[in-house]
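Novice: I am attaching a structure below and will ask some questions about it afterwards.
Laboratory data are not the source of any read-out in this text; all were calculated from the coordinates shown. These numbers were taken from a predicted model, which means no experiment stands behind them. Here Cβ is always computed from backbone atoms with ideal geometry, including for glycine, and neighbour counts include all displayed protein chains.
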Amino acid sequence: MMAVKRRSSHDVLLSTALENFYNAAEEMGLEDDLIEILSRSERRVCVSIPVEMDDGTVRVFDGYRVVHSSALGPAKGGIRFHPQVSLDETEALAFMMTWKCSLAGIPYGGGKGGVCCDPLELSLKEKERITRTFAARIEPFVGAWSDVPAPDVNTGPQEMVWFMDTISKIRGHLDPAVFTGKPVSLWGSKGRNAATGLGVATCALELLRVMGKDPKTATAAVQGFGNVGSFTAKFLHDAGVKVVAICDITGTYYCKDGIDVNKAMAHTQSNPKKLLEGYTQPGLEKRGPEEVLFLDVDVLLPCAMEGTLNKTNADKVKAKYIVEGANGPLTPEADEILKSKGIPIVPDFLANSGGVIGSYFEWCQNLAGFFWSEEEYNQRLVTIMKSNFQRVWEYSKEKNVLMRRAAFMVAIKRVADAVKMRGVFL
Ligand code: NAD
C-alpha cells in the first residue's frame with residue numbers, strides 16, 4: 001500500500017494534534033487504512049443559532065459539534081463558549097478527546113462542541129437563549145448512547161442544566177445522562193469538583209513511587225490555583241508532600257517549610273475574585289508569577305494554561321519531574337528542551353483525565369439512577385488513575401519511548417483494535 005498522505009491544517013491546534021497522531025501511529029506500525037480512518041472525524045455538525053438579544057435585535061451565532069470517533073462508545077467532550085471557537089479548533093479538541101478517553105480506559109469515544117460568542121458581552125438571559133437554541137439544533141446528534149457533552153471554557157453546571165432541560169422537553173421525558181457536569185442537586189455527582197486535581201495528584205504520587213522517592217520527603221510547586229491547581233496541591237499536601245510554592249495570576253507564594261494549602265484554599269474561597277492576593281502565613285515570600293516554574297523542587301505541576309513553558313523559559317526549569325495538570329502547558333519546543341534535560345513528563349491527557357473519568361462516573365450514576373458517596377467516587381477514581389499511569393509507564397519502558405509517546409500509542413491501539421473488530425461498514 002502507498003504511504004498515507006498526511007492531512008494538514010492551517011489551525012495550529014489541529015495540525016499539532018494530527019502530527020502527534022501520525023508520528024505515534026507510524027512508530028507503532030499502524031496499518032495505513034486505520035491511519036486514514038482515525039485521522040478524520042466521523043461527524044462535523046455546523047449550526048446557526050439565531051438569538052433575540054435583550055435590546056430586541058437578532059444575532060446569529062455559529063455553533064459546532066464534532067464527533068471524532070465513536071469506536072469505543074458514545075462520544076464525550078465539552079462545549080465551550082468563546083470568541084475563538086471554530087470548526088478546526090473543535091475538531092482538534094474532539095480528536096484529543098478520543099485519545100484521552102481511550103487512555104483513561106472508559107467506554108467513550110471523542111467529541112467536542114462550541115459556540116463562537118463572547119460570554120463577557122452576554123447577559124444571563126442571552127446566554128440561556130444561546131444555550132437552549134444550540135441544544136435544539138444539535139438535539140438529533142446528542143444522547144446518552146451517541147454523544148454526551150460536558151462543560152468546557154465558559155460553560156458550567158448552569159449551562160448543562162439548560163442543555164439537559166431543553167433536550168428533555170423536546171424528547172418528552174427527563175434525559176439526565178445526555179450531559180455531564182450537572183450540579184449535585186440535579187443529577188450531578190459528589191466528588192466531580194475535585195476529580196481532575198485528585199487525578200493529577202495521583203499521577204504525581206505514582207511518578208514519585210516509580211522513581212523510588214518517598215512522598216514525605218518530596219517537594220512540589222504548583223502553577224495555577226483554580227479548580228485543577230488548588231485540588232492538586234491539596235491532595236499532594238494530604239499525602240505528605242511538601243508543597244513549597246503555589247501561584248496564580250497575582251504571583252508566586254513560596255514558603256520553604258511548606259504552604260498551608262487548606263488555609264490558602266479557604267483564602268481564595270473568601271476572595272471575591274477567587275485569587276491568592278493578600279494570602280499570608282509565617283515564612284511566606286511573594287515572588288513574580290513565573291518564578292514558580294523555575295524552583296528547585298522534585299515535582300513541578302503546571303495547572304494554569306496552555307503554552308506556559310515554551311522555548312523562551314523551558315531551559316530555566318530545575319524541577320526533577322513535571323506532571324501536566326493543564327491542557328498543553330508545554331509547547332513542542334519546550335518539550336524538546338526538557339527532553340534533552342532528561343526530565344520525565346507525565347502528559348496532560350493522562351495526568352488530567354480525572355475530570356473525564358469523573359464525568360463517566362456521573363453518566364453511570366444517571367443511567368442507574370443510583371448515586372455514590374464522595375468516598376466511593378474518590379476511591380474508584382484513584383484506582384483507575386493508578387492503573388492507567390502504570391500501563392503507560394510500563395509501555396514506555398518496554399518500547400523505550402517517552403511517556404507522551406507511550407500514552408499516544410496505548411490510546412491509539414485501543415481505538416484501532418475497536419475499529420478493526422467492529423469493521424468499517426458505517
Ligand atoms: P481555573 O480558571 O479554575 O484556574 C486557572 C488558574 O490559573 C487560576 O488560578 C489563574 O489565576 C491561574 N493563571 C492563569 N494564568 C496564569 C499565569 N499566566 N500565571 C500564573 N497563573 C495563572 O481553570 P481550571 O479549571 O483549573 O483549568 C486549568 C487548566 O486545566 C486548563 O488548561 C484546563 O483546560 C485544564 N483542565 C481542566 C479540567 C477541569 O476539570 N477543570 C479538566 C482537564 C483539564
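Novice: How big is the Cα convex hull of the chain in projection, averaged over all directions, in nm²?
Specialist: 21.4
Novice: Given a 10 angstrom Cα cut-off, can you work out which residue in GLY156, GLY224, GLY358 is the most mobile in a GNM of the chain?
Specialist: Taking springs between Cα atoms under 10 Å, the residue moving most is GLY156.
Novice: Between SER86 and PHE425, what FRET efficiency follows from the Cβ-Cβ distance if R0 is 25 Å, with the result rounded to 0.05?
Specialist: Here the calculated transfer efficiency is 0.20.
Novice: So, one more: Would you calculate the separation in nanometres between label points at SER340 and MET53, each defined as 7 Å from the Cα along the Cα-to-beta-carbon direction?
Specialist: Here the modelled spin labels are 5.0 nm apart.
Novice: Given a Förster distance of 30 angstrom, what is the FRET efficiency for ASP32 paired with LEU402, based on the Cβ-Cβ distance and rounded to 0.05?
Specialist: Efficiency at R0 = 30 Å is approximately 0.75.
Novice: Let me ask something else. Could you quote the convex hull projected area for segment 295-426, Cα atoms only and averaged over all directions, in nm²?
Specialist: 10.9
Novice: Sticking to Cα atoms, compute the Rg of segment 211-273 to one decimal and its Dmax as the biggest Cα-Cα distance, whole number, in Å.
Specialist: 11.5, 42
Novice: For segment 1-97, restrict the atom set to alpha-carbon positions and state the Rg and Dmax in Å.
Specialist: 16.6, 60
Novice: Please give the calculated 222 nm ellipticity per residue for the chain, where each DSSP H segment of at least 4 residues contributes -39500 (n - 2.57) and the sum is spread over every residue; nearest 500 deg cm²/dmol?
Specialist: That comes out to -14000 deg cm²/dmol.
Novice: Calculated FRET efficiency, ASN310 and HIS173, Cβ-Cβ r, R0 35 Å, to nearest 0.05?
Specialist: My answer for the efficiency is 0.10.
Novice: May I have the extent of the alpha carbons of segment 56-135 along their three principal axes, as whole Å values ordered from largest to smallest?
Specialist: The Cα atoms of segment 56-135 stretch 47, 20, 17 Å along the principal axes, largest first.
Novice: Could you work out the local net charge near VAL12, counting Lys and Arg as +1, Asp and Glu as -1, over the other residues with Cβ closer than 10 Å to its Cβ?
Specialist: Combined, the nearby Lys, Arg, Asp and Glu give -3.
Novice: Here's something else I'd like to know. Given the options LEU174, CYS247, ILE106, identify the residue whose Cα lies farthest towards the positive end of the charge dipole of the chain (+1 on Cβ of Lys, Arg; -1 on Cβ of Asp, Glu).
Specialist: ILE106
Novice: Would you kindly state how much longer the chain becomes between ASP118 and SER373 on full extension, computed as 0.36 nm times their sequence separation minus their alpha carbon distance, in nm to one decimal?
Specialist: Net length gain for the segment: 88.1 nm.
Novice: Leaving out same-chain residues fewer than 8 places away, which lysines sit with a Cα under 22 Å from that of LYS286?
Specialist: LYS234, LYS242, LYS256, LYS263, LYS273, LYS274, LYS316, LYS318
Novice: Using a 10 Å cut-off on Cβ atoms, rank the peptides 85-94, 369-378, 137-146 from the highest mean neighbour count down.
Specialist: Output ranking for 85-94, 369-378, 137-146: 85-94, 137-146, 369-378.
Novice: Each label point is 7 Å from the Cα along the Cα-to-Cβ direction; what then is the distance between the points at TRP145 and SER15, in nm?
Specialist: Roughly 4.2 nm, to one decimal.
Novice: Out of the DSSP beta bridges found with both residues in the chain, what percent are antiparallel (nearest 5)?
Specialist: Roughly 50 percent of the beta bridges in the chain run antiparallel, per DSSP.
Novice: Additional query: Listing HIS82, HIS173, HIS68 from the residue with the fewest other Cβ atoms within 10 Å to the one with the most, what is the order?
Specialist: HIS173, HIS82, HIS68
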